[in-house]
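Take a look at the structure set out below.
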2 protein chains.
Amino acid sequence: MTWARIKAADGQILGGIVADQRLSPMAGIGGGPAGPAVSMQGATLLAPCVPGKFIGLWNNYHAAAARNGWAAPTHPLHFLKPVTCVVGDGADVVLPQAAGRVVFEGELGIVIGTRCHTATEAEAEAAIFGYTCVNDLTSVDILNADPAFAQWTRAKGFDGFGVIGPVVVPGLDWRDLTIRTLVNGRERQSYPASDMIFSPPQIVRHLSRDMTLMPGDVIAVGTSLGTRPVKPADQVTVSIEGIGSVTVTMLADPNAVSGA
Amino acid sequence: MTWARIKAADGQILGGIVADQRLSPMAGIGGGPAGPAVSMQGATLLAPCVPGKFIGLWNNYHAAAARNGWAAPTHPLHFLKPVTCVVGDGADVVLPQAAGRVVFEGELGIVIGTRCHTATEAEAEAAIFGYTCVNDLTSVDILNADPAFAQWTRAKGFDGFGVIGPVVVPGLDWRDLTIRTLVNGRERQSYPASDMIFSPPQIVRHLSRDMTLMPGDVIAVGTSLGTRPVKPADQVTVSIEGIGSVTVTMLADPNAVSGA
């Protein structure tokens, strides 16, 4: 079973369950049936959900923490990406001149399936609808531009900086997954999800104490070693076996001012 | 003219323009007419909008910067509050045990009226639908709990920590406004909006380069001197002449563990 959101051949935008090259529309993730099945023929995949919240984690892999000398956190360290930054497979992503140096961060994404508040770890696990691929694009220049205030949201919030997709897949065992990032076909990240500091059920349990999680909310669980800068014309792919690949093309800023 | 969102006497939830004790429903802020006018009699005011993004600013008042020794920023320093934290006038707000010390922050809130990206300052000013009162409740213990990562979103994101209301008022001159916060009727903050470092049009201009702003998005422009801790049973009011007052009651955590 796979969850996708599509622009169908007739222009309708639908989210639902895909099987046998047909999509059975649903009233959002966690919602009921919403009309007859449509063909996937001629359909375009969109970002697989429209999150109300797009949460990202920092410092959630043992290997990255060890390499960078970071202490393991006692609670997931999180920030929010603005929902307007979400794009799906095949998108063009502008590198704003003001963003300076931008890096890719290939990540596993959790998609929430049911409303979730002060959950136990078992309830948290049950609230996970499925998993998707995330590229949490980040301006490292902006993140550290002001010594008094780390600008997580600004650095990670430009339109197109939240790549998710191509679909959401329920029922996977996250321990078996490997997150790979490729730039122009060359592998630049490959690390096991099993190296996470907080597991997906632990993340959802903790976050459900910080806020109420809702169906369709996306949690990017953090990246590990190997992030690198991107440049205009790069094709950047995040790929997880069992989910698929999501690729975007980086573009130069059409409004760039020479010499600025 | 005033924008409100109500639960009408018959249970319908409607947003729209209020005049002569009647509300003319609209299809969201910036949307067109959406049905016949209804009486405000017996209606309950809700949070005046359902923002897709709830942005907050840090360090945007000269007086607070001077007192705390903060340098004036060169770009608005912002974070996001999760949209699930929004409540309106009359709400009860739980103080989670994990949040520790929580302070009120009375603020002016900008409500966006039209989609806005890479705006000029004049376009930014035109994209402002109106102003509301905000109480940007903040756990100061969580904000500074991890020395490697300031937890802005977690500290400010608990359910109920984003108080907005009672209504949105277009056409005000922000330079004339005074933001007051009262706890149990006693004035604890009173400062002029004219002391802002970045003005509302400047804030919207800058933010529209960081992300696409959408109708109904809320921007809390930062607080000034006088924030203080709140405790269970406190009634906390943010009041701005020309907009009105928004009051919430703080509650103890019903799930608090003794000795924890």
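The values are calculated or read from the model by the stated rules, or taken from the named source; none is laboratory data. Everything quoted here is computed from the prediction, not taken from an experiment. Glycine also receives a Cβ, built like all others from the backbone with ideal geometry; neighbour counts cover every protein chain displayed.
Within the bounds of region A:27-45, is there any residue that is farther than 20 Å from A:S245 by Cβ, surrounded by 23 or more Cβ atoms within 10 Å (Cβ to Cβ) and under 22 Å from the mean Cα position of the chain (by Cα)?
Yes - at least one qualifying residue is present in region A:27-45.
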Name the pairs whose Cβ atoms lie under 9 Å apart, with the first residue in region A:147-171 and farther than 14 Å from B:H206 by Cβ, the second of a type in the set (D, E) and assigned to a helix (DSSP H, G or I), and 6 or more positions between them or separate chains?
-> A:A155/A:D141
Restricted to region B:8-59, and to residues that are touching a residue at least 60 places away in the same chain (Cβ under 8 Å) and out of contact with any strand residue (DSSP E or B) (no Cβ under 8 Å at 6 or more places or on another chain), which residue is nearest to B:P76 (Cα to Cα)?
-> B:G52
Filter region B:147-160 for residues that are at the interface with chain A (Cβ under 7 Å from one of its Cβ atoms), under 15 Å from the mean Cα position of the chain (by Cα) and not small (G, A, S); the one that is surrounded by the fewest Cβ atoms within 10 Å (Cβ to Cβ) is B:D159
Run A:A126 past the list (1) surrounded by fewer than 22 Cβ atoms within 10 Å (Cβ to Cβ); (2) of a type in the set (G, A, S); (3) closer than 23 Å to A:L225 by Cα and report the number of the one that doesn't hold.
-> (3)
Can you name the residue in region B:129-146 that is at the interface with chain A (Cβ under 9 Å from one of its Cβ atoms) and not charged (D, E, K, R) and is also surrounded by the most Cβ atoms within 10 Å (Cβ to Cβ) among such residues?
-> B:I142
What are the residues in region B:102-118 that are farther than 17 Å from B:G216 by Cβ and more than 20 Å from the chain's Cα centre (by Cα), if any?
-> B:T118
Looking only at helices (runs of 4 or more DSSP H) that fall completely inside region B:103-222, which ones have 3 or more residues that are within 27 Å of A:G56 (Cβ to Cβ) and modelled with pLDDT of 95 or more?
-> B:140-143, B:152-156, B:200-210
Please work out which residue is farthest from the chain's Cα centre (by Cα), limiting yourself to region A:68-81 and to residues that are surrounded by 23 or more Cβ atoms within 10 Å (Cβ to Cβ) and touching a residue at least 60 places away in the same chain (Cβ under 8 Å).
-> A:P76
Residues of region A:61-81 being touching a helix residue (DSSP H, G or I) at 6+ places or on another chain (Cβ under 8 Å) and more than 10 Å from chain B (Cβ to nearest Cβ), which ones?
-> A:Y61, A:H62, A:A63, A:A72
Of the criteria (1) away from chain A (no Cβ under 13 Å); (2) among the hydroxyl-bearing types (S, T, Y); (3) surrounded by 21 or more Cβ atoms within 10 Å (Cβ to Cβ), which one B:T84 fails | (1)
If you check A:G226, A:G244, A:G222, which single one turns out to be closer than 22 Å to A:I197 by Cα and within 16 Å of the chain's Cα centre (by Cα)?
-> A:G222
